[in-house]
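Okay, structure first, notes after.
The values are calculated or read from the model by the stated rules, or taken from the named source; none is laboratory data. Everything quoted here is computed from the prediction, not taken from an experiment. Cβ: placed from backbone, ideal geometry, glycine included. Neighbour counts: every protein chain shown. Protein only, heavy atoms only, side chains kept; ligands, DNA and RNA dropped before computing areas. Shrake-Rupley method; radii C 1.70, N 1.55, O 1.52, S 1.80 Å.
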Amino acid sequence: MSDLKATLNIDGNAIEYPVIQGSDGPDVIDIRKLYAQTGKFTFDPGFTSTASCESALTFIDGDEGILRHRGYDIEELSEKSSFMEVCYLLLNGELPGKQQLHDFSYTISRHTMLHEQLATFYRGFRRDAHPMAIMCGVVGALSAFYHDSTDIADPDHRKISSHRLIAKMPTIAAMAYKYAMGQPFLYPDNHLSYTGNFLRMTFGVPAEPYVVNPIVERAMDRIFILHADHEQNASTSTVRLAGSSGANPFACIAAGIACLWGPAHGGANEAALNMLREIGTPDRIPHYIARAKDKNDPFRLMGFGHRVYKNYDPRASVMRQTVREIMAELKINDPVFEVALQLEEMALNDPYFIEKKLFPNVDFYSGIILSAIGFPTEMFTVLFALSRTVGWVAQWNEMISDPGQKIGRPRQLYTGPGHRPYVDIAAR
Ligand code: CMC
């Protein structure tokens, strides 16, 4: 803690609050005693100025466009590392050595199968159910299956739950896809990489051998890395809040999945691609830009803007490059790509977007890649959930391991009616 203090002058009193310095990023004013000392709360809907916890996992500098996991730049991780390595890093704090990576990947591969009973859960859903609805349900249901590891105070139990979640998510996601397609579920093949196995379970069929395309595998792995963790975003905060009561980890992750589903968060890549398809041809772009700028029109350019990044989204830069690689490899000539490039160009040169610091975010490009690989739009948020699971479990673990951890319980500014007597129904 630094010697810095912030002084609050209130009701004729000057009260000092400690200023705490992190290893990077803005200092925080420790106001934990504010209510006890002043009888007042702070008011910060949307948490735009509130640090909800202490964390050593991920650092973001929105003005500089920086995203780092445990100190490593996302650009470097996505270029040089693998998703398994990033999972290990997030969970353990350091990059693994060769043997550690081998052991970790092996452990994850030992948990890829689902309890056979879970297949019947899928059959309870309509074939046209949104895969995120299935994912919420199935992941929540996992809490009913693993009674051997429910003591969240035990680090070994937390570890095995974390491994199970990371390992089973690709199987759950692929099964949601297969169910919608009316194709048989494929069991995992643990000889393949984490990402190769997922591609096979999704696009393979039992009737034929499936050959993993290494360029697609690499692009997919990169998408997983880019989405692995993102500090205290809405779904991660949801997981932490749910977990703060001591709830079952599978149920907490199901809560995170529910939060991620919304179009302002993980649902944005689906919304962005739908928007690009709706625009259809470059000549219609100005109409949509005008709509985005019109205060009386709720329409927003999906895939643009970010709560934290006000310069550029570093994940978007990596994605932009990957779009080109995938389009060339798969020889795809989708007009949506041309619309995306021209929309990006026009918006980046438009004073409205410049003044409001609205740049393409990761979701603007990821949808184009996922669509080129063959995923239907409904699967996009599912893939985000799959990748973010490691971030959720790492953050949940960090929270539970903190000896000072308390149940999350925000307060409010009450604006409802004052006290009034009950009126009998006959007199209303
Ligand atoms: N199109 C047009 N105008 C926009 C957009 C947009 N995409 N985003 C923000 N604005 C305007 C907004 O109308 C507001 O204008 P004014 O100051 O005149 O009222 C100003 O920019 C600030 O917007 P805000 O809603 O106060 O900013 P926020 O930080 O609360 O919202 C956001 C961030 C991501 C929810 C928002 O930019 C948005 O809705 N973007 C589209 C959805 C999207 O792409 N979401 C994915 C986020 S990245 C993935 C993830 O990390 O989950």
**Asked** What Kirkwood radius, in Å to one decimal, follows from the Cα pairs of region 130-232?
**Response** 15.3
**Fill in**
Here the residues of region 64-97 lying in the modelled label zone of residue 329, meaning backbone nitrogen under 19 Å from a point 7 Å along Cα-to-Cβ, are 75-86
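Please compute the Kirkwood hydrodynamic radius over region 287-329, one decimal place, Å, based on all pairs of different Cα atoms. List each step's numbers first, then the result.
On the way: mean 1/r = 0.0795 Å⁻¹.
By the Kirkwood definition, the hydrodynamic radius is 12.6 Å.
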**Request:** For the chain, set up a Gaussian network in which alpha carbons nearer than 10 Å are linked by springs, and say which option among 25, 62, 46 fluctuates the most.
**Result:** 46
**Message:** Can you tell me how region 1-50 classifies by the Cα gyration tensor, rounded, prolate or oblate, using a/c under 1.5 as the rounded cut?
**Reply:** oblate
**Request:** Please find the FRET efficiency linking residue 310 to residue 41, where r is the Cβ-Cβ separation and R0 is fixed at 22 Å, and quote it to the nearest 0.05.
**Result:** 0.20
**Prompt:** With the chain treated as a Gaussian network of Cα nodes joined by springs under 10 Å, which of 219, 51, 268 yields the largest mean-square fluctuation?
**Reply:** 51
**Prompt:** Which FRET efficiency value, to the nearest 0.05, is calculated for residue 4 and residue 341 with the Förster distance at 56 angstrom and r the Cβ-Cβ distance?
**Reply:** 0.75
**Request:** Only helices at least 30 Å long along their axis, Cα-based, and averaging -0.5 or more on Kyte-Doolittle count here, so list those DSSP H runs from the chain.
**Result:** 155-181, 380-401
**Asked** Round to a whole number: what % of the accessible area of the chain belongs to carbon and sulfur, probe 1.4 Å?
**Response** 53
**Fill in**
Any residue on another chain or 5+ positions along whose placed amide H is under 5 Å from the amide H of residue 6 is listed here as 17, 19
**Request:** Any chance you could look up the accessible area of residue 345 with a 1.4 Å probe, heavy atoms only, rounded to 10 Å²?
**Result:** 110
**Request:** Take the chain, connect every pair of alpha-carbon atoms lying under 10 Å apart with a spring to form a Gaussian network, then pick out the residue of 315, 388, 70 with the largest mean-square fluctuation.
**Result:** 70
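Ratio to report: Rg/Rh of region 265-368, with Cα atoms as the point set and Rh obtained by the Kirkwood method; give two decimals.
Result: Rg/Rh = 0.94.
Where Rh denotes the Kirkwood radius from the mean inverse Cα pair distance, what is Rg over Rh for the chain?
1.00
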**222 nm mean residue ellipticity, helices alone, for the chain (DSSP H n ≥ 4; -39,500 (n - 2.57); rounded to 500)** = -15500 deg cm²/dmol
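Accessible area per residue of region 195-269 at 1.4 Å probe, in Å²? Please list the in-between numbers first.
Working: 2410 Å² over 75 residues.
With the other protein chains kept in place, region 195-269 gives 32 Å² per residue.
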**Asked** For residue 147 and residue 126 in one chain, what is 0.36 nm times their gap in residues minus the Cα-Cα distance, to one decimal in nm?
**Response** 4.7 nm
**Message:** Give me the one-decimal nm value for the distance between modelled label points at residue 14 and residue 357, 7 Å along each residue's Cα-to-Cβ direction.
**Reply:** 3.2
**Asked** How about residue 168: which aspartates and glutamates have a C-alpha closer than 17 Å to its C-alpha, ignoring those fewer than 8 places off in the same chain?
**Response** 116, 148, 189, 221
**Request:** Under a cut-off of 22 Å between alpha-carbon atoms, report the lysines in cross-link reach of residue 406, not counting same-chain residues fewer than 8 places apart.
**Result:** 33, 40, 159
**Fill in**
PRE zone check, label point 7 Å out along Cα-to-Cβ of residue 296, amide N under 19 Å, scope region 343-376, hits none
